[in-house]
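For reference, the structure discussed in these notes is given below.
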Amino acid sequence: MLFRVLTLLAVTLTASATQAALRLPNIFSDHMVVQQKMPIRVWGWTTAGQEVTVEMGGKSVSGKAGADGRFDVSLPELPAGGPHALTVRADETRTINDVLVGEVWICSGQSNMQWSVNASNDPDLEKLAAKFPNIRMINFPQVGTQEAILSHDDRRWMVCNPENLGNFSAVGYFFARQLHLTIDVPIGMINNAWGGSACEAWVNRDVLKANEKFAPLLARWEAQEKQFAELSGNNSLNDDQKKSLEGLKRQMSGNSRPANIYNGVLKSHLGYTIRGAIWYQGESNAGRAYQYRDLFPTMIENWRKEWGQGDFPFYWVQLADFKAQQAEPAESDWAELREAQTMTMSRLKNTGEAVIIDIGEGKDIHPKNKVDVGRRLARWALANEYGVQVPFHSPQYRSMERVGGKIVLTFDHVAGGWRPFDVAQPVGFAIAGEDHKFVWADAKILQDGRIEVSSSSVAAPVAVRYAWADNPVCNMFSAAGLPLTPFRTDNWPGVTVNNN
């Protein structure tokens, strides 16, 4: 009996000591990059009421841990440079070494953002040239849960070198490299992408509940959660029920359940001082493209509000071309998802879209050319965040005018005029009359930069579409080499209009 009491006392004291010990989330680790010219937020846990001092680069800030032991302070801003040591003093002292000050970006989304340099074009050559010690990346694990995880202690920052580069997000790396070579400051990338993830998994569930537009989505998941709870509590399941339970268990901890990634991954570093975010996702939501029109902006707004840094820049990749090419114009859920992505630019400020309709692979949902993806995202950041004079916005449809039996289209962001690829005439346009039946169109570039579209089989056209397919054949680029954004002039109900 005495042994049991002493053992219990020892366990209790050990637990108390562990709770009192200074703890920092894994985002604060050796080789980290912190954001320049902005207050640098540092948080963690120690003894309740404990005085905490954080020091780096000759700057210092103090605060006190709350009743739950959490402290949250912000160092005064620092210029780009380093390396520094970040020291946190509380009931013990923790020092983080080789800390650089520069630009910090989130790289997030699903598999095409997660896709590594190892799996992209020319990994051997990229590794040979990976001599950029001032580029760093941290990869977060893939954990789905409804309970917030505040640290992933097995993940640390990596320095860009030939040994580490293969595990970097390829899009994140090529984006970072272009920034680093252009503005000459350290670049830190926080990679939390999860292949196959759905947008709703990245959103605070309370935010989804507050919007009636997402009621059908949540109702579907609540029915599965109820079934999972019922089966989990049943000790006499038959074989079919056991299989159902296993499937539901995977769903409950997977990458599509609302708020699963928000809690399991994002919460551990949400609030870390950043410049902005780049995003590549949408494939998993293509079957619900109309819903994505609201879901995607909701996610961005949720992140911005909880990050507490205002409307930080948020740039994404529009879905690439994929799947079989169609001989005739047809409806497409991927085209509708691309449309929803483009619409987000007009709904939220400080956002932008990298169009890559020209660099996908019909046979592979994971195109290996990630260099151009990273560069097109980097154009947005360089132009809008760093004052670099470089074309960044893909040409975009503005308006149409019916002239006799033809439609004349006007566009924005056609830097330097048009440069059709491969052949001189524009390719990829379809036209329709009031019957909603699209046919391939003849198109030509007018002297003023507008594009005239017509077909001998459509006498009274009312609508035009361009690159409206899963894998369209299209060839319109600006002289700056940026592809025309896929579009349609009509608003006729699409194939995903009622999908929730």
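What follows draws every value from the coordinates through simple rules; no lab data is involved. Fair warning: this is a prediction, and the values are worked out from it, not measured in the lab. No Cβ is skipped: glycine too gets one built from the backbone with ideal geometry, and neighbour counts run over all protein chains shown.
Here are the numbers:
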read-out	value
Likely footprinting exposure, W115, W492, fewest C-beta neighbours within 10 Å first	W492, W115
Inter-probe distance in nm under a simple model that places probes 7 Å from Cα toward Cβ, at R402 and D239	6.4 nm
Peptides 449-457, 163-171, 360-368 ordered by average Cβ neighbours within 10 Å, highest first	163-171, 449-457, 360-368
K209/A424 FRET efficiency (R0 51 Å; Cβ-Cβ; nearest 0.05)	0.40
Cα-based convex hull volume of segment 60-186 per residue, rounded to whole Å³	139 Å³
Eligible lysines near K305 by straight Cα distance, threshold 22 Å, same-chain separation 8 or greater	K37, K209, K213, K267, K349
Helix 289-307 axis, angle to the chain major axis (alpha carbon atoms, nearest 10°)	40 degrees
Charge sum, other residues only, whose C-beta stays under 11 Å from T489's C-beta, Lys/Arg counted +1 and Asp/Glu -1	+2
DSSP beta bridge pairing in the chain, given as percent antiparallel to the nearest 5	70 percent
CD proxy at 222 nm, helix term only [per DSSP H run n ≥ 4: -39500 (n - 2.57); per residue of the chain; nearest 500]	-8500 deg cm²/dmol
Long-range amide H partners of L78 with built H, under 5 Å	K37, M38
Residue-wise HN-Hα coupling along segment 49-62, computed from phi with Karplus coefficients 6.51, -1.76, 1.60 (Hz; x: Gly, Pro)	x, 5, 6, 10, 10, 10, 9, 6, x, x, 10, 8, 8, 10
Dipole axis of segment 102-244 (+1 Lys, Arg; -1 Asp, Glu on Cβ), positive-most option in W221, I183, N112	I183
Sorted by Cβ neighbour density within 10 Å, fewest at the top, the residues L348, L248, L128, L295	L128, L348, L248, L295
